[in-house]
């Protein structure tokens with residue numbers, strides 16, 4: 001297990017047409033390593049992606065952003081250190 | 001249909017909407033063959049049996065079938081309630097409406113009572129089943145469920161008015177004694193069908209799918225609802241009003257509201273974030289342009305500057321039916337057919353999310369070049385149809401191009417379905 005560094009991967013999906021955000025997010029999430037988290041900027045909450053997260057063993061949280069309507073953070077469910085980092089992020 | 005609040009667990013199987021989508025173009029082909037058979041001297045007025053039959057094959061057989069399929073897909077996902085018995089309800093509604101459209105076509109051509117009675121039974125039965133089942137969903141949804149649902153409710157109400165008047169008129173043609181005030185409502189039937197059911201439904205759907213699929217700003221909330229209400233109220237005033245001023249006011253409100261909707265839509269489409277080549281956008285722009293031209297024609301006739309001739313009436317019908325409604329429906333089909341196929345494949349991958357990466361892309365399911373061919377064919381068809389009214393010699397060519405337009409659509413939809421089935425087999 002690598003040490004959590006809070007390395008951020010950014011996916012700006014605000015100008016993407018469906019289903020591109022879902023395809024790109026899954027492609028990133030299935031390669032997500034310990035210490036990494038995905039910050040996704042989206043115009044709305046991607047519910048179909050949340051359904052896939054359970055199977056991918058990915059946790060997530062979301063909040064409203066300034067640059068985009070929603071910011072969604074994703075991290076590996078078995079990575080408590082990165083989870084702690086993500087819980088503290090507010091913008 | 002914005003993914004916010006979508007309840008995908010209530011998404012019906014793909015065969016539910018596709019059954020409607022695959023059947024619909026066949027009616028367009030049939031309408032084209034009917035026009036081809038009418039020769040070069042059969043397009044002089046909208047009252048000719050071939051024209052009335054072809055019009056109803058396009059409006060009921062193609063347009064209503066597409067709309068019913070789309071609503072069977074969208075309403076459960078928006079409302080969060082699966083339609084009880086959708087596995088038998090959707091094919092039954094589809095069979096009854098398709099059979100009814102065919103019978104109505106036969107009734108106009110042959111003036112046969114058997115066809116007329118069959119059309120009345122099938123169409124009233126099919127639409128009653130649909131309105132009964134999906135009406136419950138529309139009622140269950142609260143008043144805060146957005147402008148799309150508000151527009152769809154008024155569209156459904158318009159369908160009810162138009163359908164009832166159509167059936168009453170058909171009864172009168174059969175010789176049933178019906179009071180003149182009820183039987184003589186051709187214009188009200190036409191207005192509630194094209195400017196109520198069709199326009200309001202397209203408005204309701206556009207409020208969701210233009211921002212979602214084309215990444216544009218949202219329609220302004222208050223104005224969207226006001227426009228829909230204004231159009232429905234104007235239609236009601238035109239139906240009930242008897243004085244000149246009421247008819248003038250109703251007409252002006254209708255033209256203004258529909259015109260503002262078209263201009264807002266144009267503006268939003270120009271504001272989209274990624275200006276990629278997309279023939280759905282071209283279809284929207286073509287359809288909205290035809291709507292504006294049709295409204296201009298209506299405004300001229302309302303102002304009294306020029307009394308509409310028989311040719312003008314046919315031109316208005318061409319602008320509103322293949323021009324506005326069918327252009328937009330084709331464009332939307334080119335977006336939702338691959339999208340729904342992909343979404344169903346994605347749902348099938350939930351247990352193995354990595355499989356999503358193996359799925360065909362939207363462009364694999366429906367290549368951009370197919371859209372380009374469809375758009376060119378449709379533009380050519382419209383140009384020929386509009387000019388054929390004054391140039392009888394090109395009427396057969398216009399009818400052949402119309403048939404080609406629908407044949408291509410059918411081929412493309414079947415290809416998409418084929419790729420979907422192959423991919424689904426690969427997953428499972």
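A single entry from A:43, A:76 fulfils the requirement of being away from chain B (no Cβ under 13 Å) and buried (at least 18 other Cβ atoms within 10 Å of the Cβ): A:76. Of all residues in region B:267-294, which are crowded, with 19+ Cβ neighbours inside 10 Å, free of Cβ contacts under 8 Å to residues at least 60 places away in the same chain and not in a helix (DSSP H, G or I)? B:272 - this is the single residue of region B:267-294 that is crowded, with 19+ Cβ neighbours inside 10 Å, free of Cβ contacts under 8 Å to residues at least 60 places away in the same chain and not in a helix (DSSP H, G or I). Applying the selection to region A:24-38, what residues are closer than 25 Å to residue B:214 by Cβ and surrounded by fewer than 19 Cβ atoms within 10 Å (Cβ to Cβ)? Result: A:24, A:27, A:28. Screening region B:118-198 for helices (runs of 4 or more DSSP H) wholly inside it with 1 or more residues that are under 17 Å from the mean Cα position of the chain (by Cα) returns the ranges B:147-173, B:186-191.
Among the residues of region A:46-73, the one identified as crowded, with 18+ Cβ neighbours inside 10 Å and part of a loop (DSSP other than H, G, I, E, B) is A:46.
With respect to (1) surrounded by fewer than 17 Cβ atoms within 10 Å (Cβ to Cβ); (2) under 28 Å from residue B:261 (Cβ atoms), the lone exception for residue B:333 is condition (1).
Listed by first and then second residue, the pairs with beta-carbon distance under 8 Å, at least 6 apart or on different chains, first residue in region B:344-358 and under 12 Å from residue A:49 (Cα atoms), second part of a helix (DSSP H, G or I) and at pLDDT below 75, are B:347/B:8.
Would you pick out the residues in region A:14-30 that are closer than 13 Å to residue B:356 by Cβ and in a loop (DSSP other than H, G, I, E, B)?
Step one: list which residues in region A:14-30 are closer than 13 Å to residue B:356 by Cβ, which gives A:19-30.
Correct list: A:19, A:30.
Contact map, region B:212-241: residues that are within 14 Å of chain A (Cβ to nearest Cβ) paired with residues that are surrounded by fewer than 16 Cβ atoms within 10 Å (Cβ to Cβ) and in a loop (DSSP other than H, G, I, E, B), Cβ distance under 6 Å, separation 6+ or inter-chain. Pairs shown: B:215/A:15; B:215/B:273; B:216/B:271; B:217/B:271. Tell me whether region B:166-175 contains one or more residues that are surrounded by fewer than 17 Cβ atoms within 10 Å (Cβ to Cβ), out of contact with any strand residue (DSSP E or B) (no Cβ under 7 Å at 6 or more places or on another chain) and under 21 Å from residue B:247 (Cα atoms). No, there is no match, as no residue in region B:166-175 is surrounded by fewer than 17 Cβ atoms within 10 Å (Cβ to Cβ), out of contact with any strand residue (DSSP E or B) (no Cβ under 7 Å at 6 or more places or on another chain) and under 21 Å from residue B:247 (Cα atoms). Within region B:335-370, which residues are outside any loop (DSSP other than H, G, I, E, B) and away from every other protein chain (no Cβ under 14 Å)? B:369, B:370 - these are the residues of region B:335-370 that are outside any loop (DSSP other than H, G, I, E, B) and away from every other protein chain (no Cβ under 14 Å). In region A:47-62, of all residues being within 24 Å of residue B:215 (Cβ to Cβ) and in contact with a strand residue (DSSP E or B) (Cβ under 7 Å, 6 or more places away or on another chain), the one that is nearest to the other protein chains (Cβ to nearest Cβ) corresponds to A:53.
The values are calculated or read from the model by the stated rules, or taken from the named source; none is laboratory data. Remember, predicted model here, so these are calculated numbers, not experimental data. Using ideal geometry, Cβ is built from the backbone for each residue, glycine included, and neighbour counts are taken over all protein chains shown.
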